[in-house]
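What follows is a short report on a single structure.
The values are calculated or read from the model by the stated rules, or taken from the named source; none is laboratory data. What you see is a predicted model; the values in this text were computed from it and never measured. Don't worry about glycine lacking a Cβ; one is built from the backbone with ideal geometry, like all the others, and counts go over all protein chains shown.
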Amino acid sequence: MKLKYLIPFLIFVALVALFAYAFRLDPREVPSPLVGKPAPAFALPRVDAPGTLAGPADLRGQPWLLNVWATWCVACREEHAMLVRLAREEGVPIVGLNYKEIRGDAELDASRLSPQEEREAALLRARTWLAQHGDPYRFSVLDLDGRVAIDYGVYGVPETFLIDAEGVIRYKHVGPIDEQAWREVLQPKWAALAGAKR
Amino acid sequence: MRRGEKRESGVGGLVRGIAAVVAACCFGFAWAAEEPPKAQPVGDPAIEARALKLGHELRCLVCQNQSIAESNAELAHDLMNQVREQLAAGKSEEEVRAYLVARYGDFVLYQPPLKASTVALWAGPFVLALAGVLALWRVLRRRSREEMPALSAEEAAHAQALLRGEGKEERS
């Protein structure tokens, strides 16, 4: 008989536990099917030397980060100092994928620009930003129309991919990298990859 | 709007005014929502119709309760343009769907495929409904048993007497 009264209580406790767990999940976070797959190849013009095309193949043989950014992206600005620190102090190779520098900016009307003008404007903005706030990138490339970002399943900026020495995506971080995200999530994964290489 | 035509003043005029403002707002918003500023339909209306149909089955990743055909998010426009381009290039609906799933996962599909990780999602409602029906059936059966306890000989005789109208405890 006692059990009969205990059952609703146990169901209640189980539901509370389930909700407590579920409230900590982020329903907006899209799990990437690309983790464990080779990083999609691309060849895009470099911000510092637009005549040169660069891509993931240039980073073979070492683990690295692919950071999707844009100067109009507020969260990217927040994480920028962190990236600079990672590159300078921890020697993490970071490649920047500049995402729709002009078209993505809600304050600009890119439809009035010719492709050449758009490219020039994007280069100017990206270079100015990096010159002012430090350049954490081995190199940064221009993804003016966001096509390469779609290949990486990017659905917002910033996003950062951890890619191993063989060019396989090991982890995807959505949102800005702050001290805590680096220390608790990314650094251990990074250390495991960097350690395995040596 | 007939009331307006009769030139009623006061409340009628006010109502008409409010109605006009509301209508203007609604139509204004409707136009704003239907005019995609960046997604360009390709020339072929058949392709466009297929793209829209497919677009309605694909979930926008930015505003996740809208399809990419409905959403005004930048990324949704980009993805719709991808859908259009690929359909125009002769790809099938299935190929375009596979292209997006490879990049964004099953998450982009409003109708997730049936596989090990989604079995609970597909079967769950039916399992719960079946469990509910079973529980209800058990409760009803038990109750029908409990409500009909066998009468003792004495009780039966008493009942028979009552039925024959020989009851001692007559009412009123």
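For the reader, a short list of remarks on this structure follows.
- Test for B:Y104: is it touching a Pro at 6+ places or on another chain (Cβ under 8 Å) and either among the small types (G, A, S) or within 11 Å of chain A (Cβ to nearest Cβ) (or both): yes
- Tally of residues being within 14 Å of another protein chain (Cβ to nearest Cβ) and touching a strand residue (DSSP E or B) at 6+ places or on another chain (Cβ under 6 Å) across the stretch A:38-84: 4
- In the stretch A:122-138, the residues that are among the polar types (S, T, N, Q) never reach a residue that is modelled with pLDDT under 95 and part of a helix (DSSP H, G or I) with C-beta atoms less than 7 angstrom apart, at least six apart or across chains.
- Selection of the stretch A:78-89 for residues being out of contact with any helix residue (DSSP H, G or I) (no Cβ under 8 Å at 6 or more places or on another chain) and surrounded by fewer than 22 Cβ atoms within 10 Å (Cβ to Cβ) yields A:E78, A:R85, A:A87, A:R88, A:E89.
- Residue match in the stretch A:104-114 (condition: more than 14 Å from chain B (Cβ to nearest Cβ) and either polar (S, T, N, Q) or surrounded by fewer than 19 Cβ atoms within 10 Å (Cβ to Cβ) (or both)): yes
For (1) within 16 Å of the chain's Cα centre (by Cα); (2) assigned to a helix (DSSP H, G or I); (3) within 19 Å of A:G153 (Cβ to Cβ), each residue gets a yes or a no:
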{"site": "A:P50", "(1), (2), (3)": "no, no, no"}
{"site": "A:L65", "(1), (2), (3)": "yes, no, yes"}
{"site": "A:T71", "(1), (2), (3)": "yes, no, no"}
{"site": "A:R77", "(1), (2), (3)": "yes, yes, no"}
{"site": "A:L83", "(1), (2), (3)": "yes, yes, no"}
{"site": "A:L86", "(1), (2), (3)": "yes, yes, no"}
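- Residues satisfying the stated conditions in the stretch A:125-154, i.e. over 25 Å from A:P115 (Cβ atoms) and within 14 Å of chain B (Cβ to nearest Cβ): A:G153
- For the stretch B:61-75, the tally of residues that are facing chain A (nearest Cβ under 9 Å) and under 18 Å from the mean Cα position of the chain (by Cα) stands at 1.
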